[in-house]
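J.: My questions will all concern the structure given below.
The values are calculated or read from the model by the stated rules, or taken from the named source; none is laboratory data. All values derive from a computational prediction rather than experimental measurement. With ideal geometry, Cβ positions are generated from the backbone for all residues, glycine too; neighbour counts draw on all protein chains shown. Protein only, heavy atoms only, side chains kept; ligands, DNA and RNA dropped before computing areas. Shrake-Rupley method; radii C 1.70, N 1.55, O 1.52, S 1.80 Å.
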Amino acid sequence: MSEQAIQGFRGRQIGTSDKEYDEARALYNGMIDKRPKLIARCADVADVIAAVGHARDNKLLLAIRGGGHNGPGFGSCDDGLVVDLSQLKGVRVDPKTRTVRVEPGCTSADVDHATHAFGLAVPFGIVGSTGVAGLTLGGGSGYLTRKHGLTIDNLLEVDMVLADGSFVTASKDAHPDLFWGVRGGGGNFGVVTSFLFQAHPARIVFAGPVFWDARDAKKVMATYRDFIARAPEELGLFVGLKTVPPTDPFPREHWNKRACAVIGAFNGPTAEGQKLVGKLLESLPAPLFNWMSEMPFTAIQTLFDPFFPKGLQWYWKGDFVQQLSDQAIDAHIANATKAPTPFCLMHLYPIDGAVRRVARDATPWGARDASFSMVIAGISPDPKDADALRSWGRAYWKAVHPFNMEGGYVNFLMDDEVDHRVEASYGDNYKKLAAIKSKYDPDNLFRVNQNIKPAKG
Ligand SMILES: Cc1cc2nc3c(=O)[nH]c(=O)nc-3n(C[C@H](O)[C@H](O)[C@H](O)COP(=O)(O)OP(=O)(O)OC[C@H]3O[C@@H](n4cnc5c(N)ncnc54)[C@H](O)[C@@H]3O)c2cc1C
């Protein structure tokens, strides 16, 4: 290693001249191409403390990498130091208390695998390769959210390395201000080296996708909107506008058809789930295909992973939605139709049930009065499509944003908008976040993120 090596570091330090440098710096989003000076692949918490100290003392830009999934690539940086946590993959399930201790390099599939053996699950997102760390620190929503809340609503405790190198445990009882901040405030306050989650019973679910031709999209979206507002919380079901992927296992006769889909999981007796989804389907036209069936919870959690391998181009836009009007649905359909590739999508994830039962100021997550979290994602395997994905995503967002709330889920924002949208995304909670930031990270060492500026004075 060069003279910039971190002293006493036990893991692997990867510099620009190392043969694995390109592989080590590659992020999930192929649109992002960052070249850090040094990637510090930590072997333990002592390494995290050493790496944070090295960045601070040498005035290096510092990025924290969990699963590396973040849209704008906040898991890396140019010319700085990456604290790479990907090797820290321990998971310990305590079946008695139904709690799970998770190290920060875990993906949600890693944790789901470990908890499934005990018939338990933590509410994470809908793609198994997503890092638990970044997802949790931004909020986290998925199939179990209506019943059990956001991922942060199931977070009980974190271990953290702070900017000054100190190590703390934060929970409702210890450093409660810091614990409040990390439940939605992202990686702004330090490096989380361990998460403790509450898990819930989940083993076999009635789950999967149902696709309709896009000509039925208006009816499907409006019916879904009214249905989900009253549906039992055991059903986590989102609606999306997509294209039938031109690949197996999708029926060849439907390849490349514009489509509307609902995708979800009912965490309860299969017969009840079938009956419930049947009620939705009976008021709708016949779908192109209906693949909802009984499956292990881990199967729905990873069902889409093969379609979204690492390295695709992704351009993200996000908003919270209070009311999905018929007019807004029309705007969605008109813009989704213009998607430049068959991978592009728009999803509306329900925000209700257990999420609403948590007070708005109990965590920084600012949109508990929303009905949906919307994501528009321009996706392609071909880097040549990058500009088209950006233009489509921006135009689509511009058309629907007037129907939506001011802020969006911070984990769905791209870096061309985080600066001016972070504050709106946290709403009334931003001021308190800024005060906590100034207490724990006054020099903004942790700034490669949806940045909260330390409050002055
Ligand atoms: C295919 C795909 C599907 C997704 N589906 C969902 C979904 O269903 N629900 C949902 O809520 N979100 C979803 N997301 C968004 C996801 O939550 C974010 O991309 C999140 O940033 C991923 O976390 P990561 O650890 O993989 O990211 P990274 O890129 O590694 O890190 C992202 C940010 O988190 C911070 N960070 C990471 N680890 C730590 C740590 N240990 N301590 C402190 N800060 C840290 C860093 O500041 C960094 O800025 C999805 C993303 C993708 C790409």
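J.: With respect to residue 171, determine if the residue is in contact with a Leu (Cβ under 8 Å, 6 or more places away or on another chain), away from the ligand (no atom under 13 Å from the Cβ) and over 25 Å from residue 304 (Cβ atoms).
T.: On the way: in contact with a Leu (Cβ under 8 Å, 6 or more places away or on another chain): yes; away from the ligand (no atom under 13 Å from the Cβ): yes; over 25 Å from residue 304 (Cβ atoms): yes.
Spelling it out, residue 171 is indeed in contact with a Leu (Cβ under 8 Å, 6 or more places away or on another chain), away from the ligand (no atom under 13 Å from the Cβ) and over 25 Å from residue 304 (Cβ atoms).
J.: Still on this structure, I have one more. Which condition does residue 227 not pass, out of (1) in contact (Cβ under 8 Å) with a residue 60 or more places away in the chain; (2) away from the ligand (no atom under 14 Å from the Cβ); (3) among the hydrophobic types (A, V, I, L, M, F, W, C), if it passes all the others?
T.: (1)
J.: Scanning region 171-198 for residues that are in contact with a helix residue (DSSP H, G or I) (Cβ under 9 Å, 6 or more places away or on another chain), farther than 15 Å from residue 99 by Cβ and free of Cβ contacts under 8 Å to residues at least 24 places away in the same chain, which turns out surrounded by the fewest Cβ atoms within 10 Å (Cβ to Cβ)? So that I can check it myself, show each step before the final result.
T.: Step one: filter region 171-198 for residues in contact with a helix residue (DSSP H, G or I) (Cβ under 9 Å, 6 or more places away or on another chain), giving 171-173, 175, 177-178, 180-195, 197-198.
Restricting the remaining residues to those that are farther than 15 Å from residue 99 by Cβ gives 173, 175, 177-178, 180-193.
Restricting the remaining residues to those that are free of Cβ contacts under 8 Å to residues at least 24 places away in the same chain gives 173, 175.
Values: 173: 9, 175: 21.
Among residues in region 171-198 that are in contact with a helix residue (DSSP H, G or I) (Cβ under 9 Å, 6 or more places away or on another chain), farther than 15 Å from residue 99 by Cβ and free of Cβ contacts under 8 Å to residues at least 24 places away in the same chain, the one surrounded by the fewest Cβ atoms within 10 Å (Cβ to Cβ) is 173.
J.: Could you list, in sequence order, all residues of region 174-207 that are away from the ligand (no atom under 16 Å from the Cβ), over 24 Å from residue 359 (Cα atoms) and assigned to a strand (DSSP E or B)?
T.: Going through region 174-207, the residues away from the ligand (no atom under 16 Å from the Cβ) turn out to be 174, 176-177, 198-201, 203-204, 206.
Applying the additional criterion that residues be over 24 Å from residue 359 (Cα atoms) yields 201, 203-204, 206.
Result: 201, 204, 206.
J.: Let me ask something additional. Report, by residue number, each residue of region 273-294 that is open to solvent by 20 Å² or more (accessible area, probe 1.4 Å), assigned to a strand (DSSP E or B) and farther than 20 Å from residue 233 by Cβ.
T.: Within region 273-294, 290, 293 qualify.
J.: Follow-up question, since we're still on this one. Quick one: count up the residues across region 404-419 that are open to solvent by less than 70 Å² (accessible area, probe 1.4 Å) and in a helix (DSSP H, G or I). Steps first, answer last, please.
T.: Step one: filter region 404-419 for residues open to solvent by less than 70 Å² (accessible area, probe 1.4 Å), giving 404-405, 407-414, 416-418.
Okay, now just the ones that are also in a helix (DSSP H, G or I), so 410-412, 418.
Total meeting the criteria: 4.
J.: Would you please name the residue that is farthest from the ligand (Cβ to nearest atom), looking only at residues in region 326-361 that are open to solvent by 40 Å² or more (accessible area, probe 1.4 Å) and among the small types (Gly, Ala, Ser)?
T.: Filtering first and then ranking leaves 334.
Let's see how each residue does on (1) in contact with a Cys (Cβ under 8 Å, 6 or more places away or on another chain); (2) farther than 30 Å from residue 334 by Cα; (3) acidic (Asp, Glu):
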{"site": "146", "(1), (2), (3)": "no, no, no"}
{"site": "155", "(1), (2), (3)": "no, yes, no"}
{"site": "159", "(1), (2), (3)": "no, yes, yes"}
{"site": "173", "(1), (2), (3)": "no, yes, yes"}
{"site": "194", "(1), (2), (3)": "no, yes, no"}
{"site": "199", "(1), (2), (3)": "no, yes, no"}
{"site": "211", "(1), (2), (3)": "yes, no, no"}
{"site": "239", "(1), (2), (3)": "yes, no, no"}
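J.: Still on this structure, please answer the following. Can you name the strands (runs of 3 or more DSSP E) wholly within region 19-122 that have at least 2 residues being within 12 Å of the ligand (Cβ to nearest atom) and under 18 Å from the mean Cα position of the chain (by Cα)?
T.: Details: elements: 38-41, 62-65, 81-84, 91-94, 99-102.
Passing ranges, in order: 62-65.
J.: Find the residue count for region 208-219, including only residues that are in a helix (DSSP H, G or I) and open to solvent by 10 Å² or more (accessible area, probe 1.4 Å). Explain how you work it out, then say what you get.
T.: Of the residues in region 208-219, the ones in a helix (DSSP H, G or I) are 214-219.
In the following step, the residues that additionally are open to solvent by 10 Å² or more (accessible area, probe 1.4 Å) were identified as 214-216, 218-219.
Looking only at that region, the number is 5.
J.: Sticking with this structure for a sec: Tell me the residue from 249, 201 that is open to solvent by 30 Å² or more (accessible area, probe 1.4 Å) and in contact with a strand residue (DSSP E or B) (Cβ under 8 Å, 6 or more places away or on another chain), please. Show your work before the answer.
T.: On the way: 249 fails: in contact with a strand residue (DSSP E or B) (Cβ under 8 Å, 6 or more places away or on another chain).
Exactly one residue qualifies, and that residue is 201.
J.: On to the next question. With the checklist (1) within 13 Å of the ligand (Cβ to nearest atom); (2) within 25 Å of residue 156 (Cβ to Cβ); (3) in a helix (DSSP H, G or I) in hand, flag the one item residue 422 doesn't pass.
T.: Of the numbered conditions (1) within 13 Å of the ligand (Cβ to nearest atom); (2) within 25 Å of residue 156 (Cβ to Cβ); (3) in a helix (DSSP H, G or I), the odd one out for residue 422 is (2).
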